[in-house]
Amino acid sequence: MTRKHVSVLLVLALAAAFVVPLAAQTTYDRAVVVQVMRDNASTLGQVRTALNKGDFFAAASGFWKFAEGMNRIMQFTPPKGSKTEWDRILGEFVSTALRGVGTAGEKDAAKGLAILAELQRLNQAGHAMFR
Ligand code: HEM
């Protein structure tokens, strides 16, 4: 093996070292997505109950949990549907959930319930495209 071959191999190895982790980061992890979705389903009920009885701390925790979970799965490339739409819908979901935390801070149950309705609209859009 010549010196030139060795340098070519080194460059390739270095390139692979950078590219492989980037690709691995976006691989769809079904177990994680399913877990986040099941959490979403129980969080939905918890937030609604919390808002209806004026427990704004619990409502804020739930809205935050929505944002955290969906922000986590945004890194993935969906197995069906477009990555651009995935990023757009999840991005909108996360910012809507964060606005929900704000409504809990204002102790405004009606606004909080309107945010829940928006999250359910995004749920339907997301499932139509990706599920
Ligand atoms: C309030 C919002 C949402 C709730 C309550 C919810 C709930 C669920 C539930 C219960 C499942 C079935 C999980 C299982 O197999 O046990 C599911 C699956 C799924 N949801 Fe959602 N979802 C929500 C929003 C979204 C959004 C916004 C997207 C996409 C942008 C999305 C994408 C998916 C996908 C891709 C699956 C299939 C996962 C797989 O099997 O690979 N969901 N969701």
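Restricting attention to the range 78-112, and to residues there that are surrounded by fewer than 17 Cβ atoms within 10 Å (Cβ to Cβ) and hydrophobic (A, V, I, L, M, F, W, C), which single residue is nearest to the ligand (Cβ to nearest atom)?
LEU98
Quick grid of which residues meet (1) within 29 Å of THR27 (Cα to Cα); (2) touching a residue at least 40 places away in the same chain (Cβ under 8 Å); (3) small (Gly, Ala, Ser):
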position: ALA60; (1), (2), (3): no, yes, yes
position: PHE66; (1), (2), (3): yes, yes, no
position: MET70; (1), (2), (3): yes, no, no
position: THR77; (1), (2), (3): yes, yes, no
position: PHE93; (1), (2), (3): yes, no, no
position: GLU106; (1), (2), (3): no, no, no
position: ALA109; (1), (2), (3): no, yes, yes
position: LEU116; (1), (2), (3): no, yes, no
position: ALA125; (1), (2), (3): yes, no, yes
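Would a scan of the range 63-71 turn up a residue that is within 18 Å of ASP108 (Cα to Cα), of a type outside the set (Val, Ile, Thr) and within 13 Å of the chain's Cα centre (by Cα)?
yes
How many residues, within the range 11-54, are modelled with pLDDT of 95 or more, farther than 30 Å from ALA104 by Cα and among the hydroxyl-bearing types (Ser, Thr, Tyr)?
Summing the residues that are modelled with pLDDT of 95 or more, farther than 30 Å from ALA104 by Cα and among the hydroxyl-bearing types (Ser, Thr, Tyr) in the range 11-54 gives 1.
The values are calculated or read from the model by the stated rules, or taken from the named source; none is laboratory data. Values in this document were obtained by computation on a predicted structure and should not be read as measured data. Neighbour counts run over all protein chains shown; Cβ positions are idealised from the backbone, glycine included.
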